[in-house]
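Report on the structure given below.
The values are calculated or read from the model by the stated rules, or taken from the named source; none is laboratory data. Just so we're clear, the structure is a prediction, and the values are computed from it rather than from any experiment. In this analysis, Cβ positions are derived from the backbone assuming ideal geometry, glycine residues included, and neighbour counts consider all displayed protein chains. We work out accessible area using only protein heavy atoms, side chains counted, and drop any ligands, DNA or RNA first. Shrake-Rupley method; radii C 1.70, N 1.55, O 1.52, S 1.80 Å.
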Amino acid sequence: MNFSELFKLSSQLCRFSPDGSHVACCSSYRLVVRDVETLQITHLYTCLDTIQYMEWSPDSLFVLCGLYKRGLVQVWSLEQPDWTCKIDEGSAGLIAVRWSPDSRHILTTAEFHLRITVWSLINKSVSYIKYPKDANPGLDFTRDGKYLALAERRDCKDYVSVFSCDAWLLCKHFPVETSDLAGILWSPDGRALCAWDSLLNYSVLLYSMDGRCLSKFSAYQYALGVKTVRWSSTSQFLAIGSYDQKVRLLNNITWKVIGDFTHTPSLETSQDLVCHIDFVPSFEVYLWWCMLFLGSLQRNGKKTSYTVSRCITHQPVQN
């Protein structure tokens, strides 16, 4: 295995482009873009202050840098190096920023979650979304990028608003039966929206796009509840990880539990183990998964090596 020379990096800000052709690294106020094959610098950008966040656009043509201390976002283009864009939230402040799926709009979240602002790179228009509850788990796009679901808090009650990403208009607004909504997640096919309560209350709810409650699920009460939720790539199963160290699988027909798995601290085996991954969105996630999984495998208390196969199957088809 060959290794490159060391490159300067700050705040662990190093990201591969979605198409895998470039890698971007941040060093203080500089953004360095390199070619993946040669590791030669292809673009070098200088921001106004220290970069605290960096994200590639889904089409790999733009890179945004979040300068939270100044309330600024700077956007850079790989195709047109002379093109620049600066977004200033002003006195409202900035705590989060992200791309929309079309790579032509940027969503910024003001301090104290006062509002979410949608900035267009096409016509410079600006749209505002009020009452957001959280910037990350409370905001999710459908896989086709047509709709945005946003968790809201109004009058001490939880709501979900569904927006059309074409004109950023409100399509549906409905209440959610949670005491403190912790997160929402669209199914890959966009037919169901999963919402779950805070860790103090085990409650998972499934909604349709028009606001109908499809099902409710609670494994137990009076203990720490949901830790994480993930859909299968085919939308057939919903995995719910809980603080009781169990993962429960729900099917999308009856929304009943079809299986539960207990997470053990370590796995002991005397034979080599072959692991197959159903679908991995990026090589970074794949490498991280392998390191995490292999690090937890033990043989007589000592770490050992195993064979891991990367098997990419059942990749969802983009509409």
- prompt: With region 148-215 as the region, which strands (runs of 3 or more DSSP E) entirely inside it contain at least 1 residues that are farther than 23 Å from Phe237 by Cα?
  reply: 157-164, 169-175
statement: Residue hits (region 205-231; farther than 25 Å from Lys172 by Cβ and open to solvent by less than 30 Å² (accessible area, probe 1.4 Å)) are Gly225
- prompt: If you take the residues in region 162-177 that are aliphatic (A, V, I, L, M) and over 24 Å from Leu224 (Cα atoms), which one is least open to solvent (accessible area, probe 1.4 Å)?
  reply: Val162
message: For region 64-109, give me the residue count where each residue is within 23 Å of Ala151 (Cα to Cα), under 19 Å from the mean Cα position of the chain (by Cα), open to solvent by less than 50 Å² (accessible area, probe 1.4 Å) and of a type in the set (A, V, I, L, M, F, W, C).
response: 6
query: Restricted to region 126-161, and to residues that are open to solvent by less than 30 Å² (accessible area, probe 1.4 Å) and among the small types (Gly, Ala, Ser), which residue is farthest from Leu205 (Cα to Cα)?
result: Gly145
query: Quick one: would you say Ile116 is of a type outside the set (Gly, Ala, Ser), under 18 Å from Ser164 (Cα atoms) and either touching a Leu at 6+ places or on another chain (Cβ under 6 Å) or surrounded by 16 or more Cβ atoms within 10 Å (Cβ to Cβ) (or both)?
result: yes
Scan of region 232-245 for residues that are closer than 17 Å to Arg143 by Cα, open to solvent by 20 Å² or more (accessible area, probe 1.4 Å) and not in a loop (DSSP other than H, G, I, E, B), ordered by number: Phe237
task: Please work out if Val32 is free of Cβ contacts under 8 Å to residues at least 40 places away in the same chain, touching a Phe, Trp or Tyr at 6+ places or on another chain (Cβ under 6 Å) and either in a helix (DSSP H, G or I) or closer than 25 Å to Leu9 by Cα (or both).
output: no
message: Against the conditions (1) open to solvent by 50 Å² or more (accessible area, probe 1.4 Å); (2) closer than 28 Å to Pro18 by Cβ; (3) among the charged types (D, E, K, R), where does Asp180 fall short? Just the number, please.
response: (2)
- request: May I ask you to list the residues in region 191-204 that are modelled with pLDDT of 95 or more, touching a Phe, Trp or Tyr at 6+ places or on another chain (Cβ under 8 Å) and open to solvent by 10 Å² or more (accessible area, probe 1.4 Å)?
  value: Ser203
